Amino acid sequence: MIPDPRPGILDIKPYKPGNPAPAGAVKLSSNENPLGCSEKAAEAFSRSASKLHVYPDGSVLRLRQAIGKAEGIDPARIVCGAGSDEILQLIGRAWLGAGDTVLQSQYGFLVYRLVAMQSGAELVSAPERDHRTDIDAMLEAAAIHKPRVVFLANPNNPTGTWVPREDIIRLREGLADDCLLVLDAAYGEFVDDPAFESGMGLVDQYDNIIVTRTFSKIHGLAGLRLGWAYAREAVIDILNRVRGPFNVSVPAVEAGIEAIGDEAFITRSKAHNARWLDFLTQHLRGVGLDVTPSVCNFVLVHFPSTPGKTAEDADRFLTSKGLVVRDVKPYGLPDSLRISIGLDEDNRRVADALAEFMA
């Protein structure tokens, strides 16, 4: 006999990551950086092998200073974690409990649901419009359900769409003062539009905003699990009270310091992504598929309901060609597939394969 867990724990469906690729197949299911990571970061990781017997600095001061320098923000307002996923979990631990409500947009990142359920809170989803966050719907839902925390991925996974700065301000202004707005900007580095606001500039303007970021995407350190958040000092103080004392490893600290400062690698990654994002979007539309406009390192592709041409059929066909993409049924998108941007040849292969499938 084992003790029963808290009510609701057994109702949680564990997060299902992108399918792994068997030997010889191409993995386009997890939005990883196809260029790998910064050589400087890889070298720093290797050098850290001599320090593995030593506990890391619990405050990760050098890493926070490197992030602060790269982003032009105050290191004292930064907290780091084992991926931005851990930061989201810490937010749930600090601010959510039974009877509370979490608000997200309709196709919000699956971890938001996990955070709510682990905390005993109720999750409410506001409907999107054309796979874009509808701020009016979010505000209407907030007025009814009085959320304690609002999660907004900007840009959003799995849709790839984003919300301009003026709409984020409108959302924050329309929420209660005691509601925490979490801006998840995991893909923020890919966006160059001047109307985009990752949220860094809003932290000085509002008390109740947390911005989360990750090293998993453009920096290519998904395997190390490293993320961070930026907020007012009082918010960061609360997060520091609920995180583990050594939650970021020595190799992650050393690699992260080099990655955040390697502007050449970041620029190369953005250029590669922009080129092939446009290629894949135009090519797939050209063969009759609907593709949601994306600013991220993936595309959300919608398939017809015609037997033999469905998303499930396409997934099987691509798998038979050695191409592994992401089934997004858990997001409530049974007629769609999410396809990550890969290396040059990978992108051509998936484009040609879907052209053959649609023909």
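The values are calculated or read from the model by the stated rules, or taken from the named source; none is laboratory data. This structure is a prediction, so every number in the text was calculated from the model and none was measured. For neighbour counting, all protein chains shown are included, and Cβ atoms are generated from backbone atoms with ideal geometry for every residue, glycine included. We work out accessible area using only protein heavy atoms, side chains counted, and drop any ligands, DNA or RNA first. Shrake-Rupley method; radii C 1.70, N 1.55, O 1.52, S 1.80 Å.
Average accessible surface for region 48-198: 42 Å² per residue, computed with a 1.4 Å probe over protein heavy atoms with every protein chain in place. Translational diffusion coefficient of region 253-312 (Stokes-Einstein, Kirkwood radius from Cα pairs, 10 °C, 1.306 mPa s): 115 µm²/s.
Its relative contact order, with pairs defined as Cα atoms under 8 Å and 6+ residues apart, puts region 245-304 at 20 percent. Pairs of Cα atoms nearer than 8 Å and 6+ residues apart set the relative contact order; for the chain it is 24 percent.
Only helices enter this figure: runs of n ≥ 4 DSSP H residues, each worth -39500 (n - 2.57), summed and divided by the residues of the chain, yield -12000 deg cm²/dmol at 222 nm to the nearest 500. Carbon-plus-sulfur fraction of the accessible area of the chain, 1.4 Å probe, in percent? It is 52 percent, rounded to a whole number.
Each of Met117, Met200 has its accessible area taken with a 1.4 Å probe; listed largest first, they run Met117, Met200. Relative to the compact-globule estimate of 2.2 N^0.38 Å, the Cα radius of gyration of the chain comes out at 0.99.
Near Gly108, once Lys and Arg are set to +1 and Asp and Glu to -1 for all other residues with Cβ below 11 Å from its Cβ, the sum equals -1. For Lys40, a cut-off of 20 angstrom between C-alpha atoms picks up these lysines, skipping any fewer than 8 places away in its own chain: Lys51, Lys69, Lys217, Lys270. When the chain is treated as a GNM with alpha-carbon contacts under 10 Å, the residue of Gly342, Gly92, Gly24 showing the greatest mean-square fluctuation is Gly24.
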